[in-house]
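Engineer: Before I ask anything, let me first share the structure, which is written out below as structure tokens.
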Amino acid sequence: DAKTTQPTSMDCAEGRAANLPCNHSTISGNEYVYWYRQIHSQGPQYIIHGLKNNETNEMASLIITEDRKSSTLILPHATLRDTAVYYCIVRPFNAGGTSYGKLTFGQGTILTVHP
Amino acid sequence: EADIYQTPRYLVIGTGKKITLECSQTMGHDKMYWYQQDPGMELHLIHYSYGVNSTEKGDLSSESTVSRIRTEHFPLTLESARPSHTSQYLCASSGRVRTEAFFGQGTRLTVV
């Protein structure tokens, strides 16, 4: 699986957009970018994923660069409850759409949202 | 809503005891995973399974063992608990086609 690199920590003011970067310069063509977050020591929660197009859902937006070597998770209006560790991972899928390989997490980015 | 459950949520047990941490999912997912996480530290994959009768060791060496006799169950066993096993254990599952992984609430294990 491609390795990802994220900043150790970031701060954001409540109500502002939080932009969390992720570098995955060795990503392969069959690997998707996934984002999860972990609040306190709860189980990680899925946020969003994408292959090459930008994606948006009710939680966040995902911007993937054209060369797919990096991506940015955007929380448009951060709240105090968004304070968490955010993980960017890549997962390979075969032609049939089945994932394979381990599901491993790095250190992630600790996002702190301030009042 | 994630349908993956771990029991117990909290367990305090004496050294040398045998323990089994339960993990069940009702989503029919073929892949299941166990992670170990100490407070403020990384999630470490210790075991995973691609389906019934399939188990593999993860990236972090663990004295625990797992079994996958049924699709929905993936229990983790420690034959003889030690204080070094004190940690949080998280179970997860994922489906076949481009689905995300769902996590249980975790079991906080303390070995005294």
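Here, each number is a calculation from the coordinates, and none is a lab measurement. These numbers were taken from a predicted model, which means no experiment stands behind them. Quick reminder, even Gly has a Cβ in these numbers, built from the backbone with ideal geometry, and neighbours come from all protein chains shown.
Engineer: In debye, nearest 20, what is the charge dipole magnitude of chain A about its Cα centre with +1 on Lys and Arg Cβ and -1 on Asp and Glu Cβ, if you could check?
Structural biologist: Roughly 220 debye for chain A.
Engineer: Gaussian network model of chain A, Cα springs within a sub-10 Å range: biggest mean-square fluctuation belongs to which of A:101, A:50, A:29?
Structural biologist: Answer for the Gaussian network model of chain A: A:101.
Engineer: Among A:62, A:20, A:103, which one shows the highest mean-square fluctuation when chain A is modelled as a Gaussian network with alpha-carbon springs under 10 Å?
Structural biologist: Comparing A:62, A:20, A:103 in a Gaussian network model of chain A, the most mobile one is A:103.
Engineer: Relative contact order for chain A using alpha-carbon pairs under 8 Å, separation at least 6, rounded to a whole percent?
Structural biologist: About 36 percent, as a whole number.
Engineer: Any idea what log10 I(q)/I(0) is at q = 0.21, 0.22, 0.29, 0.32 Å⁻¹ for region A:10-62, Debye with uniform C-alpha scatterers and no solvent?
Structural biologist: -0.99, -1.06, -1.30, -1.32
Engineer: If you take the Cα atoms of chain A, find Rg, then find the Kirkwood Rh from the mean of 1/r over all pairs, what is Rg/Rh?
Structural biologist: Using Cα coordinates only, the ratio equals 0.96.
Engineer: Can I ask one more? For region A:10-26, take each phi angle, set θ = phi - 60°, evaluate the Karplus expression 6.51 cos²θ - 1.76 cosθ + 1.60, and give the result in whole Hz per residue in order, putting x for glycine and proline.
Structural biologist: Computed from phi, the couplings for region A:10-26 are 8, 10, 8, 7, 4, x, 8, 6, 9, 10, 9, x, 8, 9, 9, 5, 9 Hz.
Engineer: When the Cα centres of region B:66-106 and region A:85-115 are compared, how far apart do they sit, in Å?
Structural biologist: Here the answer is 18 Å between Cα centres.
Engineer: Can you list which of the GluC sites (Glu not before Pro) found in region A:10-115 are DSSP loop residues with at most 11 other C-beta atoms within 10 Å?
Structural biologist: Loop-located and lightly packed - A:58, A:66.
Engineer: If I build a Gaussian network model for chain A, linking alpha-carbon pairs within less than 10 angstrom, which residue out of A:95, A:60, A:17 has the largest mean-square fluctuation?
Structural biologist: In this elastic network of chain A, the residue with the biggest mean-square fluctuation among A:95, A:60, A:17 is A:95.
Engineer: May I pose another question? Assign unit charges at the C-beta atoms only (+1 for Lys and Arg, -1 for Asp and Glu), then state the dipole size of chain B relative to its Cα centre in Debye, rounded to the nearest 20.
Structural biologist: Charge dipole, chain B, about its Cα centre: 240 debye, nearest 20.
Engineer: If you wrap a convex hull around the alpha carbons of the protein assembly as shown, what volume per residue comes out, as a whole number of Å³?
Structural biologist: Per residue, the Cα convex hull of the protein assembly as shown comes to 118 Å³.
Engineer: Using the C-alpha atoms of region B:58-112, what convex hull volume per residue, in cubic angstrom, is computed?
Structural biologist: Value for region B:58-112: 101 Å³ per residue.
Engineer: Based only on Cα atoms, what mean projected area does the convex hull of chain B have, in nm²?
Structural biologist: Dividing the Cα hull surface by four gives the mean projection, 6.7 nm².
Engineer: No partner Cβ under 4.7 angstrom, meaning no disulfide-compatible partner by this rule: which Cys of the protein assembly as shown qualify?
Structural biologist: A:12
Engineer: When the label point is put 7 Å from the Cα of residue A:65 along its Cα-to-beta-carbon vector, which residues of region A:1-34 have a backbone N closer than 16 Å?
Structural biologist: Inside the label zone: A:3-7, A:20-29, A:33.
Engineer: Amide H of residue B:96 versus every other amide H placed in the peptide plane: which residues, excluding those fewer than 5 positions away on the same chain, fall under 5 Å?
Structural biologist: B:30
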